[in-house]
Amino acid sequence: MSTPAWRAWGALVLALAAVHALAQDLPRARPEAVGMSGPRLAKIGAWLRAETEAGRIPGAIVVVARDGRIAYQEAIGRLDPQKPDAMPADAIFRIYSMTKPITSVAAMILVEEGRLTLDAPVSRFIPEFAKMQVGVEKTDAAGAKSLDLVPARRQITVQDLLRHSSGLTYGFFGNSLVKKAYVDARLDAGGDTTNEAFAKKIAGLPLHYQPGSTWDYSYSTDVLGRVVEVVAGKSLFAFMKERILDPLGMKDTTFYAPEPARQARLAEPLASDRAIGEGIEMNDPRIARTAEPGGQGLVSTAGDYARFLQMLLNGGRLGKTRILGPKTVEFMTADHLGSSVTPGPLYLPGPGYGFGLGFAVRRTTGEPAANAAAGEYNWGGAGGTAFWVDPKNRLFVVLMMQSPRQRTGYRPILRNMVYAAIER
């Protein structure tokens, strides 16, 4: 091939690469074109800039999309408070429990294909769950506590894992004897484990509640990740990558970021704000480990997660790529608790919310203390990230930051500011 021909070929390759890169971004629109106020949306940036200048957070990224177009996106503050670099639009964040919706979608892909059913007992895929016991705490006359173990009245189902009614728990919310057993078991083993080993280990611990009786935030989605592996016949990340991440163009959503190019974009918290729970520090995704926890392990960007949410808002489709059917998304984002599942003492969805298959689901427009319409669904991560999708208002919002301390306080403020900008 002649030199001019090589140059032409090179130019074509570069042009195609540029088109591909642009295709990874959702289309943009002036706020007014999608019925929102630009000046009011701009107040979000002013608020967060003031927070960074006051030293409460290092930085943040906010994406507001309506009618399939991004009406507002801003990167604010610094990527790392120890360095002068500004927050880039493609910064990578530890999303912690925002991993759960992606794992839940992976499971529902298998349900759509007839390879998994929600009423299937978990023991069909992980035999160690066949004979679970429930820890019943008792206190004697002297005030001493002890734990009695009683058989589970029924098996844990796949639906229980998806809606957190399995009876499993987390050790870092509360101080019961069962929760203490979870802490003492060191279930994550510092990331040097596998989903198979994790599932077998947690199956040896007592349940906190009878299966199907109580909503309790838990390792349920981590166990679900192992169910996905067994049914799919491959690792959780391999299945996610093949069926969700690559088809949606979520190129920076991974369990670890050992590559120098990704490490250079990893957002960091303030040195005084690294604890996501008592004695639990934020993880370091720069170090690739064996664990692929389906409930908490992914890192991602605002742009990647926006594509995932637009797919859900579109009824399971983004462009020509279909991940789920619209009726499956509708089913996932319906309330699956009803009157049969009791909210636990720490009911994180909050007043006015039920829980679907991977999401908190708003039952009513009123009652919750922050704005949104009935049918909205959401979740967040322990590191400070959060999202919500509002089908009635044709809207989704992504908040990315690394600030565990501010993770709950900022979310209602952002909600109210976003809804204040809707004009029609």
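The values are calculated or read from the model by the stated rules, or taken from the named source; none is laboratory data. Since the structure is predicted, the reported quantities are computational estimates derived from the model, not experimental observations. Virtual Cβ from ideal backbone geometry, glycine too; neighbours counted across all protein chains shown.
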Can you go through Glu74, Glu53 and tell me which one is over 19 Å from Ser300 (Cβ atoms) and in the same structural domain as Met311 (by TED's automatic domain parsing)? Glu53
Filter result (buried (at least 21 other Cβ atoms within 10 Å of the Cβ) and outside any loop (DSSP other than H, G, I, E, B)) within segment 319-346: Val329, Met332
Please determine, by comparing only the residues of segment 395-424 that are of a type in the set (Ser, Thr, Tyr) and not in a loop (DSSP other than H, G, I, E, B), which one is nearest to Leu266 (Cα to Cα). Tyr410
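Kindly indicate which of Gly303, Gly316, Gly295 is surrounded by 19 or more Cβ atoms within 10 Å (Cβ to Cβ), closer than 23 Å to Leu236 by Cβ and within 14 Å of the chain's Cα centre (by Cα). Let's see the steps before the verdict.
Details: Gly303 fails: within 14 Å of the chain's Cα centre (by Cα); Gly316 fails: within 14 Å of the chain's Cα centre (by Cα).
None of the other options fit; the residue is Gly295.
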Within the set of pairs 6 or more residues apart or between chains, which connect a residue that is not assigned by TED's automatic domain parsing to the domain that holds Leu395 and at pLDDT 95 or above inside segment 315-337 to a residue that is hydrophobic (A, V, I, L, M, F, W, C) and assigned to a helix (DSSP H, G or I) with Cβ atoms less than 6 Å apart? none
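Among the listed residues Asp140, Asp119, which satisfies the condition of being surrounded by fewer than 11 Cβ atoms within 10 Å (Cβ to Cβ) and over 21 Å from Ser176 (Cβ atoms)? Outline the logic, then answer.
Values: Asp140 fails: over 21 Å from Ser176 (Cβ atoms).
None of the other options fit; the residue is Asp119.
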Given the conditions (1) in contact with a Gly (Cβ under 7 Å, 6 or more places away or on another chain); (2) surrounded by 14 or more Cβ atoms within 10 Å (Cβ to Cβ), report the number of the one that Gly356 does not fulfil. (1)
Segment 187-220 - residue that is of a type in the set (Gly, Ala, Ser) and not in a loop (DSSP other than H, G, I, E, B) and, of those, farthest from Arg286 (Cα to Cα): Ala203
Number of the exception - Pro349 against (1) under 18 Å from the mean Cα position of the chain (by Cα); (2) in a helix (DSSP H, G or I); (3) not β-branched (Val, Ile, Thr): (2)
What pairs come up if the first residue lies in segment 51-67 and is polar (S, T, N, Q), the second is not in a loop (DSSP other than H, G, I, E, B), and their beta carbons are under 7 Å apart, counting only those six or more places apart or on different chains? Thr52/Gly59; Thr52/Ile76; Thr52/Gly77
Filtering segment 115-168 down to residues that are of a type in the set (Lys, Arg) and assigned to a loop (DSSP other than H, G, I, E, B), which residue is farthest from Tyr219 (Cα to Cα)? Arg115
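I'm checking my understanding of the structure. Among residues of segment 203-224 that are among the β-branched types (Val, Ile, Thr) and crowded, with 23+ Cβ neighbours inside 10 Å, which one is farthest from Gly356 (Cα to Cα)?
Taking segment 203-224 as the starting set, the residues that turn out to be among the β-branched types (Val, Ile, Thr) are 214, 221, 223.
Those left that are additionally crowded, with 23+ Cβ neighbours inside 10 Å: 221, 223.
Numbers: Thr221: 13, Val223: 17 Å.
Looking at residues that are among the β-branched types (Val, Ile, Thr) and crowded, with 23+ Cβ neighbours inside 10 Å, I get Val223.
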